[in-house]
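Just so you know, all these numbers are worked out from the coordinates, no wet-lab data involved. Predicted, not measured: the structure shown is a model, and the values here were computed from it. Reconstructed Cβ throughout: ideal geometry from the backbone, glycine too, with neighbour counts over all protein chains shown.
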2 protein chains.
Amino acid sequence: MTDNIELDAVIKALAHPVRRQILAWLKEPERWFAEQPTPFEAGVCAGMIDKKTGLSQSTTSAHLATLHRAGLVETQKIGQWIYYKRNEANIRAFLDAISTSL
Amino acid sequence: MTDNIELDAVIKALAHPVRRQILAWLKEPERWFAEQPTPFEAGVCAGMIDKKTGLSQSTTSAHLATLHRAGLVETQKIGQWIYYKRNEANIRAFLDAISTSL
DNA sequence: CTTGTATATCGAACTTTTACGATATATATT
DNA sequence: AATATATATCGTAAAAGTTCGATATACAAG
């Protein structure tokens with residue numbers, strides 16, 4: 001979050017309601033993804049998020065990739081699943097950066 | 001800044017480097033717009049901002065309109081000039097909103 | 001009332017983003 | 001090995017954003 005190129009990527013990532021919604025859901029996985037059989041330690045697996053957005057699998061995957069490229073989420077691959085969770089450190093770093101720069 | 005529709009407009013407004021740059025310039029008008037003959041009480045007039053962006057007059061006007069629609073700047077018309085300045089209250093409200101919602 | 005200046009709006013070209021279905025890749029199961 | 005499942009990537013079409021020059025509007029000055 002030191003240079004402006006990254007800040008730009010983060011703001012653009014946040015500039016879509018679906019991506020903000022995903023980040024919001026990931027704040028309370030147990031609440032929004034209760035159907036997930038595995039524990040939320042590693043995060044929420046992509047397919048659960050697909051279902052919730054109502055968008056196609058490929059579109060949701062692209063949104064997740066954007067969030068990941070921006071550093072707002074981190075991933076963990078377990079078997080054939082890829083779990084997503086918030087990267088709280090980077091989110092806080094972004095909030096700090098925008099608070100001082102804006 | 002109470003509902004999400006406005007937050008969306010603000011984030012989208014911030015999702016362009018030129019618009020963020022304009023907001024940054026407006027933090028220190030005396031520094032960045034020293035050529036402006038009138039005092040900065042009312043803000044910086046649009047034409048000065050045009051010159052600084054290097055973009056066309058119409059494009060800069062559109063960026064300013066986006067910032068204004070989002071509530072990030074306020075305007076004051078004096079004669080044939082329209083002065084722009086930051087709306088600090090709304091900027092702070094946005095920072096609060098995104099800090100809690102994100 | 002004409003001319004000039006400041007800004008906004010319009011219309012069109014171009015670029016970027018979004019979205020989808022189809023396909024590819026990787027892993028797991030049989 | 002063959003099949004099934006989870007996710008990513010590709011190709012493409014539609015939508016949104018950016019930019020420009022030209023024009024409109026509003027005000028000021030002569």
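Here are the numbers for this structure:
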read-out: Debye, to nearest 20: dipole size of the protein assembly as shown, +1 on Lys, Arg Cβ, -1 on Asp, Glu Cβ; value: 320 debye
read-out: Size of electric dipole in chain A: Cβ of Lys, Arg +1 and of Asp, Glu -1, about Cα centre, debye, nearest 20; value: 240 debye
read-out: Label-reachable residues, the range A:27-71, where backbone N falls under 13 Å from a point 7 Å from A:ILE78's Cα toward its Cβ; value: A:36-46
read-out: Amide H within-cut-off set for A:CYS45, under 5 Å, with H built and near neighbours excluded; value: A:TYR84
read-out: Among A:32-38, A:19-25, the order from most to least packed when residues are scored by Cβ within 10 Å on average; value: A:19-25, A:32-38
read-out: Sites B:VAL18 and A:SER58, calculated FRET efficiency, Cβ-Cβ separation with R0 41 Å, nearest 0.05; value: 0.85
read-out: For A:ASP96, B:ASP8, order by how many other beta-carbon atoms lie within 10 Å, fewest first; value: A:ASP96, B:ASP8
read-out: Rounded if a/c under 1.5, otherwise prolate or oblate - the protein assembly as shown, Cα gyration tensor axes; value: prolate
read-out: Unsatisfied cross-links (Cα-Cα over 22 Å) in the set A:LYS12/B:LYS77; A:LYS12/B:LYS85; B:LYS12/B:LYS85; A:LYS85/B:LYS12; B:LYS12/B:LYS51; value: A:LYS12/B:LYS77; A:LYS12/B:LYS85; A:LYS85/B:LYS12; B:LYS12/B:LYS51
read-out: Anchor A:LYS52: aspartates and glutamates whose Cα lies under 17 Å away (excluding residues fewer than 8 positions away in-chain); value: A:GLU28, A:GLU30, A:GLU35
read-out: Long-range amide H partners of B:PHE40 with built H, under 5 Å; value: none
read-out: Pairwise centroid distance, computed over Cα atoms, of the range A:75-102 with the range B:3-69, Å; value: 30 Å
read-out: Point-charge dipole on Cβ atoms (K/R +1, D/E -1) for the range B:55-102, about Cα centre, debye to 20; value: 120 debye
read-out: Pairwise FRET efficiency - B:GLU35 versus A:GLU28, Cβ, R0 = 45 Å, nearest 0.05; value: 0.30
read-out: Shortest-first nm distances, B:SER99 label point to equivalent points in other copies (7 Å, Cα→Cβ); value: 0.4
read-out: Exposure proxy order (Cβ contacts within 10 Å, fewest to most) of A:LEU7, B:LEU14; value: A:LEU7, B:LEU14
read-out: Equivalent-ellipsoid semi-axes of chain A, from the Cα gyration tensor, Å, largest first; value: 24, 14, 12
